[in-house]
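Below you'll find the structure, written out as structure tokens, and then a few comments.
Please treat every number below as a calculation from the coordinates, not as lab data. These figures come from a predicted structure and were not determined experimentally. Here the Cβ is made from the backbone with ideal geometry for all residues, glycine too, and neighbour counts use every protein chain on show.
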Ligand SMILES: Nc1nc2c(ncn2[C@@H]2O[C@H](COP(=O)(O)OP(=O)(O)OP(=O)(O)O)[C@@H](O)[C@H]2O)c(=O)[nH]1
Ligand SMILES: [Mg+2]
């Protein structure tokens, strides 16, 4: 790829192929999103106008609680109803070295890989600016714009990254398991606050009932107004309770759509994205100013006590207006 026009042509070609059902083209587009940079910006510009109608369901929770097994069950149910095609993004926020877990997910999804109505892809952070919290909403828009009206996002782990990533979905499902002794920890990580649906998986094990009871009590205490997250018990291994989970997700979707909350939340997420991007750009530009003539002038004036730090900061911001394209 030599020039900007070429880049745009290549990206548009890939998008066209992906819309036509070419999975390798779609996979390449998602690699572009993962890598970030100029190609990702071009891709964002190409797909954005055609995105916005898709629905996303985030599934998050501590390692090993059964997210992939649940996801595979949900895929089975959704595809059996034959309604729409479903994409799955498996997100690994940890280092690329932990690729084993992702491979496990692929194996688990294998029964669905021959279904043309299912697309499964894992994404890892490649250290790009903003990392996964930038890449995931972009990946969702690419899927949305290329004909995938529903995406399930599985996030491994239980930290701030998961909260951020799960927060970009329309409906967030938080999974705990029956042996749940870390209620307080999950609460600390803010993971319960982002839940639209709560799942106690491995309900075939001792402790499932008390885990569900604990969750209900926490919900009682948190005095939510509006939507109260339902608590669903499942045995992902056997499929028990998964219909109820799907019904709870659909009920939440119905609630979002009838209350107008879906658009409000989506606009709010776009605003947050804009703020993040603008801030990251600003940090870059301010750092660049240090070596520019006007930046050096401002620093001299500061050192000479001709400007105080507030005035110097204002001058830096005014100078930026001249730097921006
Ligand atoms: N007993 C029991 N085991 C389950 C159930 N659901 C999943 N498992 C098992 O729990 C283990 C982890 O399941 P996964 O679906 O890979 O869990 P995960 O949350 O996707 O794990 P990571 O992606 O590694 O965080 C596997 O050995 C599953 O077979 C269940 O309902 N009951
Ligand atoms: Mg998994």
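Numbers for the structure displayed
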| quantity | calculated |
| --- | --- |
| Residue exposure sequence - 19, 231, 318, 57 - by fewest surrounding Cβ within 10 Å | 318, 19, 231, 57 |
| Ascending count of other beta-carbon atoms within 10 Å, so fewest first, for 292, 259, 81 | 81, 259, 292 |
| For 296, 59, order by how many other beta-carbon atoms lie within 10 Å, fewest first | 296, 59 |
| Values of log10 I(q)/I(0), in the order q = 0.10, 0.12, 0.13, 0.22 Å⁻¹, for segment 220-325 under a Debye, Cα-only, solvent-free model | -0.60, -0.66, -0.69, -1.15 |
| Three-way shape call for segment 38-95 based on the alpha-carbon gyration tensor, with the a/c threshold at 1.5 | oblate |
| Part-to-part distance (alpha-carbon centres) for segment 4-19 and segment 264-325, which is given in Å | 34 Å |
